[in-house]
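*Asks:* Next up is a structure, given as structure tokens.
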Amino acid sequence: NGATERYRRDGAALFEAVTFTRNLATEPANVLYPEEFVKRTRAAFRDIPGVSIDVLDVAAMERLGMGSILSVGKGSVRPPRMLIVHYRGAGGAPVALVGKGITFDSGGISLKPGSGMWAMKGDMAGAAAVIGTALSLARTQGPVNVVVIAALAENMPGGSATRAGDVVRAMTGKTIEIL
């Protein structure tokens with residue numbers, strides 16, 4: 001039957017991608033942090049043709065001058081990561097999707113109010129959404145060239161956290177004063 005075949009071809013992949021996205025977005029922050037996000041993404045894309053995954057660690061981000069994302073993760077014992085998923089389902093210039101992946105945003109040393117802070121685990125939902133979109137496209141072999149970037153960090157109030165008034169340099173060379 002045509003509907004069953006269409007579901008097997010497209011619907012099941014969409015369902016899988018939505019479920020993957022939802023599961024990432026609802027995990028508690030002690031379970032899902034930058035390195036775990038990367039691990040789960042690699043597992044979800046395993047054996048899908050046309051997909052490559054690159055991950056920048058702290059040393060690579062330092063070499064590239066990515067001071068802004070590095071400053072977000074400085075207070076955490078869990079290091080930030082920059083996750084890049086490239087799905088090549090067609091030629092031409094890629095569509096770029098970028099998602100915020102702050103796996104927990106306490107506010108750093110400028111702590112957010114305690115009431116409702118538990119919800120700050122959801123500050124990575126943008127990254128989950130763009131990764132899920134790429135997963136759906138790759139599973140259905142969609143005719144598109146897409147690059148997905150997820151900036152992953154945990155914003156915590158550790159001893160090396162970025163302070164209010166600090167100035168960091170972004171990869172573009174622009175400076176950002178943290179206020």
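*Asks:* Modelled with pLDDT of 95 or more, open to solvent by 80 Å² or more (accessible area, probe 1.4 Å) and of a type outside the set (A, V, I, L, M): is that true of ARG42 in this structure?
*Replies:* Working: modelled with pLDDT of 95 or more: yes; open to solvent by 80 Å² or more (accessible area, probe 1.4 Å): yes; of a type outside the set (A, V, I, L, M): yes.
It is true that ARG42 is modelled with pLDDT of 95 or more, open to solvent by 80 Å² or more (accessible area, probe 1.4 Å) and of a type outside the set (A, V, I, L, M).
*Asks:* Looking at (1) in contact with a Gly (Cβ under 8 Å, 6 or more places away or on another chain); (2) over 18 Å from THR21 (Cα atoms); (3) buried (at least 20 other Cβ atoms within 10 Å of the Cβ); (4) not small (Gly, Ala, Ser), which is the only condition LEU83 fails?
*Replies:* (2)
*Asks:* Could I ask something else about it? Only one residue in PRO49, PRO113 is open to solvent by 50 Å² or more (accessible area, probe 1.4 Å), out of contact with any helix residue (DSSP H, G or I) (no Cβ under 6 Å at 6 or more places or on another chain) and without any contact (Cβ under 8 Å) to a residue 24 or more places away in the chain. Which one?
*Replies:* The unique qualifying residue is PRO113.
*Asks:* I need a count of the residues in the range 52-77 that are crowded, with 17+ Cβ neighbours inside 10 Å, part of a helix (DSSP H, G or I) and either among the small types (Gly, Ala, Ser) or in contact with a Lys or Arg (Cβ under 7 Å, 6 or more places away or on another chain) (or both).
*Replies:* Qualifying residue count for the region: 4.
*Asks:* If you take the residues of the range 1-23 that are at pLDDT 95 or above and of a type in the set (S, T, N, Q), which of them is surrounded by the most Cβ atoms within 10 Å (Cβ to Cβ)?
*Replies:* THR21
*Asks:* Now for a different question. Can you say whether GLY92 is without any contact (Cβ under 8 Å) to a residue 24 or more places away in the chain, more than 20 Å from ARG46 (Cβ to Cβ), open to solvent by 20 Å² or more (accessible area, probe 1.4 Å) and in a loop (DSSP other than H, G, I, E, B), as far as the supplied structure shows?
*Replies:* no
*Asks:* Now, a different point. Any residue in the range 163-177 that is part of a strand (DSSP E or B), closer than 23 Å to PRO28 by Cβ and either aliphatic (A, V, I, L, M) or open to solvent by 20 Å² or more (accessible area, probe 1.4 Å) (or both)?
*Replies:* No - not one qualifying residue is present in the range 163-177.
*Asks:* Restrict the check to the range 29-40 and report whether at least one residue is small (Gly, Ala, Ser) and over 18 Å from ARG81 (Cβ atoms).
*Replies:* No - not one qualifying residue is present in the range 29-40.
*Asks:* Still on this structure, I have one more. From the residues in the range 24-35 that are surrounded by fewer than 20 Cβ atoms within 10 Å (Cβ to Cβ) and within 17 Å of MET120 (Cα to Cα), which one is nearest to the chain's Cα centre (by Cα)? I'd like the intermediate steps shown before the answer.
*Replies:* First pass over the range 24-35, keeping only residues surrounded by fewer than 20 Cβ atoms within 10 Å (Cβ to Cβ): 25-28, 30-31, 35.
Within this subset, residues satisfying the condition of being within 17 Å of MET120 (Cα to Cα) are 25-28, 30-31.
Values: ALA25: 11, THR26: 14, GLU27: 14, PRO28: 15, ASN30: 16, VAL31: 15 Å.
Per the stated criteria, the residue is ALA25.
*Asks:* May I ask you to verify whether GLY99 is touching a helix residue (DSSP H, G or I) at 6+ places or on another chain (Cβ under 8 Å), free of Cβ contacts under 8 Å to residues at least 60 places away in the same chain, within 23 Å of GLU177 (Cα to Cα) and surrounded by 20 or more Cβ atoms within 10 Å (Cβ to Cβ)?
*Replies:* Yes: the conditions hold for GLY99.
*Asks:* Right, ALA138: closer than 18 Å to ALA17 by Cβ, open to solvent by 40 Å² or more (accessible area, probe 1.4 Å), in a helix (DSSP H, G or I) and of a type in the set (A, V, I, L, M) or not?
*Replies:* no
The values are calculated or read from the model by the stated rules, or taken from the named source; none is laboratory data. Predicted model, so just to flag it, every value in this text is computed and none were measured. A quick note on method: Cβ atoms are made from the backbone with ideal geometry, for glycine too, and the neighbour counts reach across all protein chains shown. Each accessible area value is taken on the protein alone, full model and side chains, heavy atoms only, with ligands, DNA and RNA left out. Shrake-Rupley method; radii C 1.70, N 1.55, O 1.52, S 1.80 Å.
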